[in-house]
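Please read the structure below before turning to the comments.
The values are calculated or read from the model by the stated rules, or taken from the named source; none is laboratory data. Fair warning: this is a prediction, and the values are worked out from it, not measured in the lab. In this analysis, Cβ positions are derived from the backbone assuming ideal geometry, glycine residues included, and neighbour counts consider all displayed protein chains.
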Amino acid sequence: MTPEQAKQLVAEAAIEYLEWDWVIGVGTGSTANLFIDELAKIKGRIEGAVASSEASAERLQSHGIKVFELDQVGDLPIYVDGADESTKHRHLVKGGGAALTREKIVAAASDKFICIADDSKLVDVLGAFPLPIEVIPMAKSYVARQLVKLGGNPVLRDGVVTDNGNMIIDVHGMKIENPVETERNINQIAGVVTNGLFAQRGADVLLLGGDDGITKIES
Ligand code: 5RP
């Protein structure tokens, strides 16, 4: 099975978690895009969606799915999104698509976070995928120096401006043995908006697609 087929499998499976008339949280990236396309097939069942990026909002609207601001709807019953890496504890690295801050906000405001990914994303230790960090532009050099002190190799993502008007630093070479602590420590650096570790609020359900079908990991 190709990664694309595996992503399609879990995108379809995530639809099963939705209930009538919900406004749902929708993530960003190629797996989330497949989910949005599946959502289009059952759009009469939901009231609409809150998107974690401008790109996802546009895709939802192109399918005729109503997009709400988070402020309009309050807490959400469910959030569906992909990941760049996950452990079996459902701690994630996200932000490969530079949408990590809005993703973290929508995940925080959701009762249940369903993470969908192909099974190549499952790792023993996070950090092989460079950890994305959204930074306020004027702080980028300062933040980079602090990240070096934490043992990382920070690289500014060339030409990328986030939906919030900020920059992304990708931190290479970190073996993240304690994701909760690392998430907290990096977020304490002045100038960091947030980092791509989703450990304090990880996924509630992880659906992994692969040759054996779908593997479900949940608490
Ligand atoms: C975007 C993300 C995505 O969820 C992550 O990059 C996974 O993307 P894909 O589904 O394309 O593999 O965090 O900011």
Legend entry - Single residue of GLU58, GLU54, GLU85 found to be within 16 Å of the ligand (Cβ to nearest atom), free of Cβ contacts under 8 Å to residues at least 24 places away in the same chain and either more than 20 Å from LEU208 (Cβ to Cβ) or surrounded by 19 or more Cβ atoms within 10 Å (Cβ to Cβ) (or both): GLU58
Inset, instruction - Determine which single condition ILE114 fails, assuming it passes every other condition in (1) assigned to a helix (DSSP H, G or I); (2) under 29 Å from ALA13 (Cβ atoms); (3) out of contact with any Lys or Arg (no Cβ under 7 Å at 6 or more places or on another chain). - result: (1)
Inset, instruction - Say whether the condition of being out of contact with any strand residue (DSSP E or B) (no Cβ under 6 Å at 6 or more places or on another chain), assigned to a loop (DSSP other than H, G, I, E, B), closer than 29 Å to ARG45 by Cα and within 15 Å of the ligand (Cβ to nearest atom) is met by at least one residue in segment 92-99. - result: yes
Legend entry - Single unsatisfied condition, LEU9 versus (1) of a type outside the set (Gly, Ala, Ser); (2) touching a helix residue (DSSP H, G or I) at 6+ places or on another chain (Cβ under 9 Å); (3) assigned to a helix (DSSP H, G or I): (2)
Inset, instruction - Kindly check whether there is at least one residue in segment 32-50 that is in contact (Cβ under 8 Å) with a residue 40 or more places away in the chain, outside the structural domain of ILE169 (by TED's automatic domain parsing) and acidic (Asp, Glu). - result: no
Inset, instruction - Might you let me know whether segment 159-167 holds any residue that is surrounded by fewer than 22 Cβ atoms within 10 Å (Cβ to Cβ), more than 16 Å from the ligand (Cβ to nearest atom) and either within 14 Å of GLY196 (Cβ to Cβ) or among the hydrophobic types (A, V, I, L, M, F, W, C) (or both)? - result: no
